[in-house]
1. Would you say PHE6 is within 27 Å of ARG52 (Cα to Cα) and at pLDDT 95 or above?
2. Any residue at all in segment 54-70 that's under 18 Å from the mean Cα position of the chain (by Cα), at pLDDT below 95 and surrounded by 13 or more Cβ atoms within 10 Å (Cβ to Cβ)?
3. Search segment 17-36 for residues that are closer than 12 Å to THR48 by Cβ and pair each with any residue that is at pLDDT 95 or above and hydroxyl-bearing (Ser, Thr, Tyr) when their beta-carbon atoms are under 7 Å apart and the residues are at least 6 apart or on different chains.
4. Restricting attention to segment 37-72, which residues are touching a residue at least 24 places away in the same chain (Cβ under 8 Å) and among the hydrophobic types (A, V, I, L, M, F, W, C)?
5. What about ALA13, is it exposed (fewer than 10 other Cβ atoms within 10 Å of the Cβ) and aliphatic (A, V, I, L, M)?
6. Hey, does segment 19-28 have a residue that's modelled with pLDDT under 95 and among the hydroxyl-bearing types (Ser, Thr, Tyr)?
Amino acid sequence: MSAPTFDTLLGEAAQIFADARARRDALTPEEAAAEAYVPGGLSLEDLTEKIRRQRQEARAARLAAERMPANA
């Protein structure tokens, strides 16, 4: 049995990240912040704002991509 290739491992890591992001995005910003909170880290308020900002940026990027001509 050979070791997995870099591309295989990268693909698996990307899938894990995408699954985690989808799970987080299914929660409200407050619920997601509560799950992400660790003592000594960002406050719940800061985490909530960060999650809201990331979601807003992702929406803006999706909208921009949808408006992009197919041949651009």
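1. Taking the combined requirement at face value, the residue does not satisfy it.
2. The answer is yes; a qualifying residue exists.
3. Hits for this filter: PRO29/THR48; GLU30/THR48; ALA33/THR48.
4. ILE51
5. No: the conditions fail for ALA13.
6. Looking for residues that are modelled with pLDDT under 95 and among the hydroxyl-bearing types (Ser, Thr, Tyr), one finds none in segment 19-28, hence no.
The values are calculated or read from the model by the stated rules, or taken from the named source; none is laboratory data. Because the structure is a prediction, the values reported are computed rather than measured. No Cβ is skipped: glycine too gets one built from the backbone with ideal geometry, and neighbour counts run over all protein chains shown.
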